[in-house]
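To keep things clear, I will list the structure first and then write my remarks on it.
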Amino acid sequence: MQDKDKKNTEENGEDVVFDESLAEEGEAGFGKGSVEKIKKLKDELKACQKEKQEYLDGWQRAKADFINARKEEEKNRAQVAQFAKEGMLHEILPVVDSFDMAFRDKEAWARVDENWRKGVEYIYQQFVSILENNGLAPIESLGKHFDPTLHSPIESVPVEEKDKDGIVLEVVQKGYRMNDRVLRPAKVKIGVFGKVS
């Protein structure tokens, strides 16, 4: 036969190549049943290859779905951790406000024993440093233009200078942002040029 060039590679795990000339030759050299058997085997091989490809495609889709699900789960886990951190920091902000109120009364603060005052200021700096390391930063508001995304107005103060119109004149309570997201807007007093009703 002429199958020296066309070897049966089934032992190597490769696809079997069916040579049509063998079928023609088979009619002469083989019985009619052999040709039909070869055609039947060829059809079965095609069906197996099609089934193999379907399984492979299904496996690849399942693998991609699994990878996407894992990425989504990691993203959700990071968001939950972020929300938990924000919630905890939001609960701590009143403590920071208490420190700020204590430091705001300069005269009373100056009357406190110097060593005790330095100790409290050091504790406050440690506390603020921990908050900053967790992404919390104060919103700088004093002297800035009013921004409703950053500020919560609590009072309008009449001003005589037009350039102070819409400017934050006093910060009643500091605002904070966490990783460029407003955690709490600053409570501010805003200058208004002209009449205030």
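The values are calculated or read from the model by the stated rules, or taken from the named source; none is laboratory data. The structure displayed is predicted, hence computed values, not measured ones. For neighbour counting, all protein chains shown are included, and Cβ atoms are generated from backbone atoms with ideal geometry for every residue, glycine included.
Here are some notes:
- Complete set of residues in segment 119-144 that are within 30 Å of Val159 (Cβ to Cβ) and either exposed (fewer than 14 other Cβ atoms within 10 Å of the Cβ) or within 30 Å of the chain's Cα centre (by Cα) (or both): Ala137, Pro138, Ile139, Glu140, Ser141, Leu142, Gly143
- Pro138 meets each of the listed conditions (1) assigned to a loop (DSSP other than H, G, I, E, B); (2) under 20 Å from His90 (Cβ atoms) apart from (1).
- Unique residue being of a type in the set (A, V, I, L, M) and in contact with a Phe, Trp or Tyr (Cβ under 6 Å, 6 or more places away or on another chain) when the list is Leu136, Leu131: Leu136
- Members of segment 99-113 that are free of Cβ contacts under 8 Å to residues at least 60 places away in the same chain and either surrounded by 11 or more Cβ atoms within 10 Å (Cβ to Cβ) or not in a helix (DSSP H, G or I) (or both): Phe99, Ala102, Phe103, Asp105, Trp109, Val112, Asp113
- Residue that is in contact (Cβ under 8 Å) with a residue 24 or more places away in the chain and out of contact with any Asp or Glu (no Cβ under 9 Å at 6 or more places or on another chain), where the choices are Leu131, Leu142: Leu131
- Residue in segment 93-100 that is in contact with a helix residue (DSSP H, G or I) (Cβ under 6 Å, 6 or more places away or on another chain) and closer than 25 Å to Leu183 by Cβ present: yes
- Gln79 vs. criteria out of contact with any helix residue (DSSP H, G or I) (no Cβ under 6 Å at 6 or more places or on another chain), polar (S, T, N, Q), assigned to a helix (DSSP H, G or I) and touching a residue at least 12 places away in the same chain (Cβ under 8 Å): no
- Restricting attention to segment 173-197, the residues that are surrounded by fewer than 12 Cβ atoms within 10 Å (Cβ to Cβ) and part of a strand (DSSP E or B) add up to 1.
- For the condition assigned to a helix (DSSP H, G or I), touching a residue at least 24 places away in the same chain (Cβ under 8 Å) and among the charged types (D, E, K, R), Lys85 qualifies.
- Filter pass, Ala186 being within 28 Å of Ala81 (Cα to Cα) and under 39 Å from the mean Cα position of the chain (by Cα): yes
- Within segment 151-197, the set of residues being over 29 Å from Leu136 (Cβ atoms) and of a type in the set (A, V, I, L, M) comprises Val159, Val192, Val196.
- Residue within segment 163-174 that is in contact (Cβ under 8 Å) with a residue 24 or more places away in the chain, under 23 Å from the mean Cα position of the chain (by Cα) and under 30 Å from Gln79 (Cβ atoms) present: no
- Every residue from segment 111-148 that is under 21 Å from Gly87 (Cβ atoms) and of a type in the set (Val, Ile, Thr): Val128, Ile130, Ile139
- All of Glu27, Glu86, Glu11 fail the test of being over 30 Å from Gly135 (Cβ atoms), at pLDDT below 90 and under 58 Å from the mean Cα position of the chain (by Cα), apart from Glu11.
- With respect to the conditions (1) loosely packed, with under 10 Cβ neighbours inside 10 Å; (2) of a type in the set (A, V, I, L, M, F, W, C); (3) touching a Phe, Trp or Tyr at 6+ places or on another chain (Cβ under 7 Å), Trp116 falls short on a single one, namely (3).
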